[in-house]
Structures are given as C-alpha cells and as structure tokens.
1. Condition first: at pLDDT 85 or above and either under 21 Å from the mean Cα position of the chain (by Cα) or not in a strand (DSSP E or B) (or both). Can you find one or more residues in the range 5-18 that meet it?
2. What residue, among those in the range 167-182 that are of a type in the set (D, E, K, R) and outside any loop (DSSP other than H, G, I, E, B), is surrounded by the fewest Cβ atoms within 10 Å (Cβ to Cβ)?
3. Only one residue in 150, 126, 86, 105 is outside any strand (DSSP E or B) and within 16 Å of the chain's Cα centre (by Cα). Which one?
4. Of the residues in the range 148-194, how many are closer than 19 Å to residue 218 by Cβ and in contact (Cβ under 8 Å) with a residue 60 or more places away in the chain?
5. Residue check: is residue 161 under 22 Å from residue 103 (Cα atoms), of a type in the set (A, V, I, L, M, F, W, C) and part of a strand (DSSP E or B)?
6. Taking the range 183-202 on its own, how many of its residues are buried (at least 17 other Cβ atoms within 10 Å of the Cβ) and over 18 Å from the mean Cα position of the chain (by Cα)?
7. Just name the residue that is nearest to residue 161 (Cα to Cα) out of those in the range 195-213 that are free of Cβ contacts under 8 Å to residues at least 24 places away in the same chain and in a strand (DSSP E or B).
8. Can you run down the residue pairs with Cβ atoms below 8 Å, 6 or more apart or on separate chains, where the first is in the range 49-61 and more than 13 Å from residue 39 (Cα to Cα) and the partner is among the acidic types (Asp, Glu) and assigned to a strand (DSSP E or B)?
Amino acid sequence: MGLYSDYRVLGLVCDGPAQGSCGSLVNSLGSKWFVTCPVDKGRSVHLYDVSALRLKGSAKVCSGSESIAVLAAADEVTFAAVGRDIVVLKRMKQVETWSAHEDAITSLLVFGNYLLSVSANENRIIAWNREDGEIASDFYVNPGFYITTITHPPTYLNKVLLGGKDGSLQLWNIRTMKLIHEFRGFGSAITNLEPSSVVDVVAVGHSDGNTVLHNFRFDESVLSFKHSEESSEPRSRLAS
C-alpha cells in the first residue's frame, strides 16, 4: 500500500493549458482552504473548497486571445493579472479593473494591506492599496535586473525579496522605494522564492533544479539539494 491514496478528483475542467497561463492558487479564509483554478484556456476561474473539492463559484475574467498570467488572493478577493491590467473579483464577481503598467504583469504578491504587481519587462513594481486600488508606491528596480519572482520574508517590515533571471537577488523597501542589499546568488535563474518557518531563512528554487535554503541575514546557505533532471523550464512552486 502506498503512502498516499486518492481522495477526490476534480474531473475534466478545462481543455488544456493556455500558453503563458498561470497555475492554480491555494489560499485560506479563516480555517477553510480554497483552490482557484484557471480554466477555459486561462480565460475563466473556478473556485473549489479544498475539504470537499466542490465547486464554490466561477467567473469569466477575460475573452479572446487573452489569458490570466498570474493569480493572487486575500480574504474574499481574487486578483487576476491579464496583460497590463489587474482584474479584481470579490466572491467571484468582477468589481474593478486596475491599470497603470505599460507592459505585461508577470507577478502578484499580497503584502499586508497592499497588492504588489511586477512587470519584468518594465523592471517596475507598483504597490496598490487593496481597499480602493490607489497606488501607494511605484518604482523601478536597477536596469539589467530582470525580476522572475518576488516574496516577503516574515518580520522584514516593508521589505520584499526579488529573484532575478541572472541568479542574483535584491532586497527592497517598498515604502522608501530603495534598494537595501543585493545578493550574489547561485549562478542560475531563480524561479521560486518561499520563506521558511525559520526567521531570515528563505528557500530559493533555480531553473537548473538546484534548491537552496539561505539565511539572508548572514548571507549564508543552510543546505541545498538538486533535482535529478536539469531543465530550463521553471520548477514547481516551493512550499514551506
């Protein structure tokens, strides 16, 4: 008997992934957990209750050749990046669309009362107030640094950690909009960043299959391991 066994399955909910479309999003609301799945080639989303895998709601986000690039969620609100815009859904009902970027949005991060949107081609980060969609800060990172992923290390007030295509990392203060420190990195494009339960330690996933647990306070690696197969494609998400 295997360690894991089937519990429930969603069934066929889409006819294949859209080019450039995002994966599913798992988030919590109180003690309940939900998964938001892009369907219809990334043009719509389905919301499932994880405990029973029952459909709780659905929404059409975009049409035509457009597709959802990335998802984020906070409380009962879901944010979907479509091209240069952010579509805001409350209880699976579209309520607003926020626009400010001049190029496609590549990352979203819920950060306290803010939603951070990243456009890698612009080298730009915008902090939106989640309540009213007003822009709290808007800044550009250093030229030549291509942002591949973003995270917020717990206890780091107003700070985010950025992973780059060249393998380096940067720590920024979003309130002062200033670079705090740049880390040399590990020589391979960073695909994922995930804070651990230990303060100052973040897991860094790379395109070559290498994963490093790194203490950013002392700029020292705790441990590392590598997947057996190398790939230029982004690795699956890391989870703490």
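The values are calculated or read from the model by the stated rules, or taken from the named source; none is laboratory data. Keep in mind that this is a model prediction, so the values were computed, not measured. Neighbour counts run over all protein chains shown; Cβ positions are idealised from the backbone, glycine included.
1. The answer is no; no qualifying residue exists.
2. Across the range 167-182, the extreme among qualifying residues is 178.
3. Values: 150 fails: outside any strand (DSSP E or B); 126 fails: outside any strand (DSSP E or B); 86 fails: outside any strand (DSSP E or B).
After applying the criteria, what remains is 105.
4. 1
5. yes
6. 6
7. 201
8. So the pair list comes out as 56/49.
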